[in-house]
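Beneath this line is the structure, given in C-alpha cells, with notes to follow.
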Amino acid sequence: MNRFQKKTQVMLIIDLILIIILLAFYRACFIDFHREKVSLSKNVSPIASDSATKYQTVFDQNYFYSLSKDIDNAQNRIDIAMYVLDSVDRRESKPGTLISKLLSASNRGVSVYVIMDKKSAGLESEASIKYNQIAYDMLTAGGCRVEWSAIPGMHAKVVSIDDNIAYIGAHNWTQAALEHNQELSIRIEGELVRKVREWIEKIQVES
C-alpha cells in the first residue's frame, strides 16, 4: 500500500467518524425537540371544534359597537381581563361608554368581574398606572368586583358574557384602540366561552 492509498484510507476513516458524530448530534437534537414538544403540549388546551361554537372576526371600531350591544344584553355575568383601560373618566370617550355600560349592568343585577394590569401599557409610569386606577375606582364604586393582577404584565384583552359570548384579541379599552387603530379581535359564541371565563378566574390576583 503506497502513501497515497494510506492517506486516502485515513481520510475515509475520518469522514466516517465525522458522519457518526453528526448522526449522533442530529439524533440528540431530535430527542430534545420531541421532549420539548411533548412538554409544551401538556400546557396547551385542545381547541373545541363543536358545531355549536360560532366565530366572528371583529375589526377596528366594530368591536366597540358589537361589544356594547352584548354588554347591554347581558343577563347574569360579565368577566373581563383587560390590560389597559384609558380615558374612562371622559364621558364622551368610548372606553368611558363601556365602563358606563358595565355599571348599568351591575345596577340591574349582573355580576361584573374585572381584572387589570397594575402597570398598564408597559410604560411603568405614574400616568399609565393612573389610567387603570381611575377605572378601578369607578367600577368598585359602582358595585363591581375589580382585582389587580398579581403578576405585572397581564396582557390579556378578554371579555366573557353569560358564559355564551366572548371577545378575544387585540383591542385594549383605549380611545385609540376603539376609535383610531387597526385592531382585530374574535367574537366567540357557544360552549367554548365557558373555558374562556374559567381561564380569567385562574389569573392570580393581589391578596
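The values are calculated or read from the model by the stated rules, or taken from the named source; none is laboratory data. Note that this is a predicted model, so its numbers are computed, not measured. Methodologically, a virtual Cβ is constructed for each residue, glycine included, from the backbone with ideal geometry; neighbour enumeration extends over all protein chains shown.
Residue selection: ASP137 fails the criterion of being assigned to a loop (DSSP other than H, G, I, E, B) and either over 17 Å from LYS94 (Cβ atoms) or at pLDDT below 95 (or both). In the range 92-109, the count of residues that are more than 14 Å from ILE78 (Cβ to Cβ), at pLDDT 90 or above and within 20 Å of the chain's Cα centre (by Cα) is one or more.
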